[in-house]
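Student: There's a structure below that I have some questions on.
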Amino acid sequence: MTVLKGKGVSGGIALGRLLIYEKREKNIKRYRVENAENEIKRFEDAKKEAIFQLQHLYDKALQEVGETHAMIFDIHQMMLNDLDYCDSIINIIRSQNVNAEYAVAATADNFAMMFSAMDDSYMKERAADVRDISERVLNILSDASENSISGSEPVIVAAEDLTPSQTVQMDKDKVLGFVTMKGSSNSHTAILARTMNIPAVVNAGEFLKPEYDGQFCIIDGFSGNVYIDPDEATIKHFIEKQKEDRFKRELLSELKGKKNITLDGQEINIYANIGNLSDLGSVLQNDAGGVGLFRSEFLYLEKLDFPTEEEQFNVYKTAAETMAGKKLIIRTLDIGADKQAKYFNLPNEENPAMGYRAIRICLQEKEIFKTQLRALYRASAYGQIAIMFPMITSLKEIKEIKKVVKEVKSELLADGIPFDESVELGIMIETPAAVIISDILAKEVDFFSIGTNDLTQYALAVDRQNPKLDWFYDPHHKAIIRMIKMAADNAHQNGIWIGICGELASDLELTETFLSIGIDELSVSPGLILELRKKVREIDVSKIRDDIIRNIEQ
Ligand code: PEP
Ligand code: MG
């Protein structure tokens, strides 16, 4: 038995076989396929997608850097359509009965070698281009298949690290747990695991040994320990622990249907955070009062291309109908930083968390923003949708957002498409700037929701992704608590409600503080709702409020 010591970021015990998840492009394997025509179709689809991406890059480059520099993307499109190149790939697949990835990689090697051997310097340079276009096709092929967990047996997924887009694309029914060698507790991958209620351990420290693949293992999401090839006694111990955990959850289920009310009669809304439609089951099962944060960017991360207005509308409508009149707060696209979708073609940045992300993209690429807003407003006719905007730092952003919203509403009106005129519009309070001017911002919107994950990162200047900084990433820091109080006071003085949707909302050590401050809503992972309800029902705010407020202010 080998024990790896990591950090538990999503509670629970999982027992099962370990599957080492590898990024395919690093390691292209050749394997035989039953149906060569299917592989050819996979290649053709990936090629189509690559050409689409290149056209998008061409248009963008044409506007930003002019035709001379944009030409390369045109040349790449032509190369992808080159008959010799495509015939070579198709021929390898058909004659050897092998996978598309192998055929693309082999053709890339052959053509690059051929170009490099030519005397003409222009042709020599094409070697890099052929590698480039093949890499693009391989990335698309691997995106479409790397996350599929083959086999019917659910597994524990192990990886050096997992990006949010890799995590969100996995088939949840086949994942018993996650272990990553890197990663931090505040990353979106950890948040996703909590939302999905799947035990997870990050920062397990060691390089993944290939021989772990397929071995039986146990992960303890509470302590952060991972047991590879555990002995009988350890297995027995953890089966017992798993039973206890389930029993605890069953006890909590008695709280379903009960109010989130303190002993002295103060009520608070407890809502759920979700990433996609499949989380709605556990929202209802855990009796959430609503959805406080639907991270809509996960819809984009699941796709190989921009989701259309129709696709988005169907998702939002289904969510609104499923929530049956309960509030559903959908946050507009918060892509960028660690949440990357290749087709956005976002530039590499020195400081991605402070870079081109979230509302900054939406306000500069208005078509993307308008498509989402149209879908959201159309879906508002089917339930109680509220819209929330991420990463706000200034009043001018809100004014600009409102202009776009106005345009969208009048277009829908002109088209005779029904929508709810009174959709609540709110903002995330997740930058120190937004806190400091929250008195001004509160006059412009219907609600605030505090994103403590980013607020902590920006206020303390601590990268939430960096596991080395875990000790410094302290959301209990007095600066953060004071900021929460300041935003809450400004919200209430201006007659709007305020919630918390960052991970701190479920921190039971702070429930008393949040109630004393008068936070109106806490939005947490679905699996934590009943525990939070239990905690709220045990508190008498009247007995502690004065001391807590004095302590925050002193
Ligand atoms: C936050 O920053 O607290 C938040 C809820 O948003 P995200 O974690 O998606 O950045
Ligand atoms: Mg955030």
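Student: Please sort 192-201, 428-437 by packing, taking for each peptide the average over its residues of neighbouring beta carbons within 10 angstrom, highest first.
Tutor: On the way: 192-201: 26.2, 428-437: 21.6.
Per-residue mean Cβ counts within 10 Å order the peptides as 192-201, 428-437.
Student: When only the heavy atoms of the protein chains count and the probe is 1.4 Å, how do LYS317, LYS339 rank by accessible area, highest first?
Tutor: On the way: LYS317 55, LYS339 0 Å².
Largest accessible area first, the residues go LYS317, LYS339.
Student: Work out how far the C-alpha atoms of segment 261-553 reach from end to end along every principal axis, then list the three figures in whole Å, largest first.
Tutor: Extents along the principal axes: 56, 44, 34 Å.
Student: Based on the alpha carbon coordinates of the chain, what radius of gyration and maximum Cα-Cα distance (Dmax) apply, in Å?
Tutor: Cα only, the chain: 25.4, 86 Å (Rg, Dmax).
Student: Determine the sum of side-chain charges near LYS317: Lys and Arg each +1, Asp and Glu each -1, restricted to other residues whose C-beta is under 13 angstrom from that of LYS317. Walk me through the intermediate numbers first.
Tutor: Values: positive: ARG374, ARG378; negative: GLU309, GLU310, GLU311, GLU321, ASP420.
Its environment carries a net charge of -3.
Student: Quick one: dipole size for segment 340-394, taken about the Cα centre, charges +1 on Lys/Arg Cβ and -1 on Asp/Glu Cβ, in debye to the nearest 20. Could you put the intermediate results ahead of the total?
Tutor: Values: 7 positive and 4 negative charges, 52 e Å.
The dipole of segment 340-394 has a size of about 260 debye.
Student: Full-extension gain between GLU321 and SER542, please, as 0.36 nm times their residue separation minus the C-alpha to C-alpha distance.
Tutor: 75.7 nm
Student: Tell me what the chain gives for mean residue ellipticity at 222 nm when only DSSP H runs of n ≥ 4 count, each as -39,500 (n - 2.57), the sum divided by the residue total, rounded to 500 deg cm²/dmol.
Tutor: The per-residue figure over the chain is -15000 deg cm²/dmol.
Student: Continuing with the same structure: Which residue, ASN110, MET181, CYS217, has the largest displacement toward the positive end of the dipole of the chain when charges sit on each Cβ (Lys, Arg +1; Asp, Glu -1)?
Tutor: CYS217
Student: Using only Cα atoms, find the angle between the long axis of helix 121-145 and the longest principal axis of the chain, and express it within 0 to 90 degrees, rounded to the nearest 10.
Tutor: The helix 121-145 is inclined about 50 degrees to the chain.
Student: Take each of the peptides 297-310, 9-22, 392-405, average the number of other beta-carbon atoms within 10 Å over its residues, and list them starting from the highest. Let's see the in-between values first.
Tutor: Numbers: 297-310: 18.0, 9-22: 21.1, 392-405: 16.1.
Packing proxy ranking, top to bottom: 9-22, 297-310, 392-405.
Student: Using a 1.4 angstrom probe with every protein chain in place, what is the largest-first accessible-area order of PHE52, PHE207, PHE115? Working shown, then result.
Tutor: Values: PHE52 95, PHE207 165, PHE115 25 Å².
Highest to lowest solvent-accessible surface, that is PHE207, PHE52, PHE115.
Student: From the cross-link list LYS259/LYS535; LYS5/LYS339; LYS366/LYS402; LYS366/LYS396; LYS172/LYS534, which pairs have alpha carbons spaced over 20 Å apart? Each step should come with its number before you reach the end.
Tutor: Working: LYS259/LYS535 12 Å; LYS5/LYS339 27 Å; LYS366/LYS402 12 Å; LYS366/LYS396 16 Å; LYS172/LYS534 28 Å.
Correct reply: LYS5/LYS339; LYS172/LYS534.
Student: Further question on the same structure: Looking at segment 36-141 from every direction and averaging, what is the projected area of its Cα convex hull in nm²?
Tutor: Values: hull surface 25.9 nm².
Seen from a random direction, the Cα hull of segment 36-141 projects 6.5 nm² on average.
Student: Net charge near ASP489: determine it from the other residues with C-beta under 12 Å of the C-beta of ASP489, scoring Lys and Arg +1 and Asp and Glu -1. Mind dumping the intermediate values first?
Tutor: On the way: positive: ARG482, LYS485; negative: ASP439, GLU553.
Once all neighbours under 12 Å are counted, the net charge is 0.
Student: Roughly to the nearest percent, how much of the accessible area of the chain is carbon and sulfur, given a 1.4 Å probe?
Tutor: Numbers: 12490 of 24390 Å².
Roughly 51 percent of what the probe reaches on the chain is carbon or sulfur.
Student: Here's something else I'd like to know. Which value, in Å², gives the accessible area per residue of the chain when a 1.4 Å probe is used on the protein heavy atoms?
Tutor: Numbers: 24390 Å² over 554 residues.
Each residue of the chain exposes 44 Å² on average to a 1.4 Å probe.
Student: Could you work out the Kirkwood radius for segment 148-281, taking every pair of different alpha carbons, averaging 1/r and inverting it, reported in Å?
Tutor: Working: mean 1/r = 0.0591 Å⁻¹.
Final number for the Kirkwood radius of segment 148-281 is 16.9 Å.
Student: Give me the percent of DSSP beta bridges within the chain that run antiparallel, rounded to the nearest 5. Walk me through the numbers before you get to the answer.
Tutor: Details: 19 of 60 bridges.
Restricted to the chain, the bridges split so that about 30 percent are antiparallel.
The values are calculated or read from the model by the stated rules, or taken from the named source; none is laboratory data. Everything numeric here is computed off the predicted structure, so don't read it as measured data. Here the Cβ is made from the backbone with ideal geometry for all residues, glycine too, and neighbour counts use every protein chain on show. Heavy atoms of the whole protein, side chains included, go into the accessibility calculation; ligands, DNA and RNA do not. Shrake-Rupley method; radii C 1.70, N 1.55, O 1.52, S 1.80 Å.
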